[in-house]
Amino acid sequence: MKVISSKNAPAALGPYSQAIDTGSTLYMSGVLGIVPESGNLAGTTIEEQTTQVFKNIEAILAEAGYAKESVVKCNVFLADLNDFAACNKIYADFFGAHKPARACVQAKMVKNAKVEIDVVAVK
């Protein structure tokens, strides 16, 4: 197993890794819409934060040698399910024709983030 840590994504906010690569499967921790350079959320809107979440996910995938087409499962956590449509549009734009399995639930996140997404990817 290998710990994955990308400088192009925000550092973990606690005692966990950005991701763990088993060699054939990547398990990514929940990713918030934090701008790595500032440590702050990308903005106050679901669109700003979701866009940043996917930038961070892409950076971690790249660091581990995976592509977004390698993602097989996502868990999406929204502070408010009324943001589902806006988040879903950015999600669909990111993945394009690739459609990983997914769950979406309402939850409260650290930093009062509006969205958090974790992924599992395979080689």
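The values are calculated or read from the model by the stated rules, or taken from the named source; none is laboratory data. Keep in mind the model is a prediction, meaning the values are calculated, not measured. With ideal geometry, Cβ positions are generated from the backbone for all residues, glycine too; neighbour counts draw on all protein chains shown.
Worth a mention:
- Within the range 88-122, being part of a loop (DSSP other than H, G, I, E, B) and either in contact with an Asp or Glu (Cβ under 7 Å, 6 or more places away or on another chain) or modelled with pLDDT under 95 (or both) holds for H98, M109, K114.
- Single residue of T25, T50 found to be hydroxyl-bearing (S, T, Y) and within 19 Å of C87 (Cα to Cα): T50
- The range 61-88 - residue that is under 27 Å from D21 (Cβ atoms) and aromatic (F, W, Y) and, of those, surrounded by the fewest Cβ atoms within 10 Å (Cβ to Cβ): F77
Conditions (1) modelled with pLDDT of 95 or more; (2) outside any helix (DSSP H, G or I); (3) more than 22 Å from A97 (Cβ to Cβ); (4) of a type outside the set (S, T, N, Q), marked per residue:
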| residue | (1), (2), (3), (4) |
| --- | --- |
| S38 | yes, yes, yes, no |
| E48 | yes, no, yes, yes |
| Q52 | yes, no, yes, no |
| E58 | yes, no, no, yes |
| A62 | yes, no, no, yes |
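- Taking the range 70-115 as the range and being touching a helix residue (DSSP H, G or I) at 6+ places or on another chain (Cβ under 7 Å), touching a residue at least 60 places away in the same chain (Cβ under 8 Å) and among the charged types (D, E, K, R) as the test, only K114 passes.
- Taking the range 75-87 as the range and being of a type outside the set (V, I, T) and outside any loop (DSSP other than H, G, I, E, B) as the test, the residues that pass are N75, F77, L78, L81, N82, D83, F84, A85, A86, C87.
- Identity of the residue in the range 46-60, surrounded by 21 or more Cβ atoms within 10 Å (Cβ to Cβ) and out of contact with any helix residue (DSSP H, G or I) (no Cβ under 6 Å at 6 or more places or on another chain), that ends up nearest to K114 (Cα to Cα): Q49
- Given (1) buried (at least 18 other Cβ atoms within 10 Å of the Cβ); (2) touching a residue at least 12 places away in the same chain (Cβ under 8 Å); (3) of a type outside the set (D, E, K, R), number of the condition A42 does not satisfy: (2)
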